[in-house]
1. Identify, from the list ARG101, ARG62, ARG91, ARG34, the residue that is farther than 16 Å from GLU127 by Cα, in a helix (DSSP H, G or I) and either in contact (Cβ under 8 Å) with a residue 12 or more places away in the chain or in contact with a Cys (Cβ under 9 Å, 6 or more places away or on another chain) (or both).
2. Part of a helix (DSSP H, G or I) and either surrounded by 20 or more Cβ atoms within 10 Å (Cβ to Cβ) or of a type in the set (Val, Ile, Thr) (or both): is that true of ALA114 in this structure?
3. Any residue at all in region 68-82 that's within 28 Å of ASP130 (Cβ to Cβ), polar (S, T, N, Q) and either touching a residue at least 40 places away in the same chain (Cβ under 8 Å) or surrounded by fewer than 17 Cβ atoms within 10 Å (Cβ to Cβ) (or both)?
4. So, of the residues in region 142-157 that are more than 9 Å from the ligand (Cβ to nearest atom) and out of contact with any helix residue (DSSP H, G or I) (no Cβ under 8 Å at 6 or more places or on another chain), which turns out to be modelled with the lowest pLDDT?
5. Here is a list of conditions, (1) assigned to a helix (DSSP H, G or I); (2) farther than 17 Å from ALA97 by Cα, and MET25 meets all of them except one; can you say which number that is?
6. Please enumerate the residues belonging to region 126-140 that are near the ligand (Cβ under 10 Å from one of its atoms) and hydroxyl-bearing (Ser, Thr, Tyr).
7. List, please: which pairs have Cβ atoms under 7 Å, are six or more places apart or on different chains, and start with a residue in region 127-145 that is part of a loop (DSSP other than H, G, I, E, B) and end with one that is of a type in the set (Gly, Ala, Ser) and near the ligand (Cβ under 10 Å from one of its atoms)?
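The values are calculated or read from the model by the stated rules, or taken from the named source; none is laboratory data. Predicted model, so just to flag it, every value in this text is computed and none were measured. In this analysis, Cβ positions are derived from the backbone assuming ideal geometry, glycine residues included, and neighbour counts consider all displayed protein chains.
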Amino acid sequence: MSVEIVFVMVGTTHTGNLGAAARAMKTMGFSRLRLVDTCAHLSAEALARSSGANDVLQEAQRCDTLQEAVADCHIVVGTSARARQLSVPLRSCRSIAEELRELSGVGSPDQTVAMVFGQERSGLSNESLDLCTRLLRIPCNPDFSSLNLGSAVQVVAYELSQSLQSIPLGAPLPQPGKWKGSTAKDSPPVPSADPDELPATSEAMEHFFEHLDRVMINTGFLDPDNPRLLRRRLRRYFESHRPLGSELAIFRGILSSVENPRKR
Ligand code: SAH
């Protein structure tokens, strides 16, 4: 029981889609929803389309930015109907679900995973994709690959629930609020992990990118008036190989030593 899934909706424009997303999540046993720059999530239409998943909508957390919404996450999965240039490699929904199942094995430490969904028309912006450590695509007709937002949430939630929770056919109904999108509740408690041995959180990565930027500008490696693709390439590299907390501390130490070289 060590992978905590959070669904994040970015820029949703149709309030009914938020209701459909909440319904899709709840049917698969997930409940944690965060909203970034979306339309109203408690409108009559949203509540109607949620078909009784009102609690998911009512408990949804509003965040000002995607950065804030994923700050505590160790893995950030962006979803997209098409391959994007200059983003982390594209993976199928099932392969990500399987990876998460391996991470959730008994004895492994707690990790928070964000599943990020984009705007109905335009999907996720490049800036949002820059914050993702994985990019997920639901394999489908290459000539007609864009699912309705609520349907995309349903497919992803289904795959995750199959991998993480193995909800059997005809399972007894869970008590309300008991399914939190984690794995089996009756497995023995896992001792809390040393955060240094988990992938760095998104918040720690942001501090690192700011530090890296400062050093690159001060050494003259990066011209802030003409950064070209340097920042994005570096982000893509570090996000697709997100270091552990202890490894990130080494990179931060190297950057600090460049800023303040110690005389031998
Ligand atoms: N042209 C947009 C389509 C947006 S559809 C794009 O390229 O992404 C709205 C959202 O639904 C997407 O941002 C994504 O979160 C999800 N979605 C739709 N189809 C998907 C697919 N085939 N695989 C993964 N996510 C999908």
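1. ARG101
2. Taking the combined requirement at face value, the residue does not satisfy it.
3. Yes.
4. PRO142
5. (2)
6. Once the filter is applied, which keeps residues that are near the ligand (Cβ under 10 Å from one of its atoms) and hydroxyl-bearing (Ser, Thr, Tyr), region 126-140 yields only SER128.
7. That search, which allows pairs on different chains as well, returns CYS132/GLY78; ILE138/ALA152; PRO139/SER92; SER145/ALA81.
Conditions tested, residue by residue: (1) modelled with pLDDT of 95 or more; (2) of a type outside the set (A, V, I, L, M); (3) within 14 Å of the ligand (Cβ to nearest atom).
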residue	(1), (2), (3)
THR13	yes, yes, yes
ASN17	yes, yes, yes
SER31	yes, yes, no
ALA40	yes, no, no
SER43	yes, yes, no
ALA48	yes, no, no
ALA53	yes, no, no
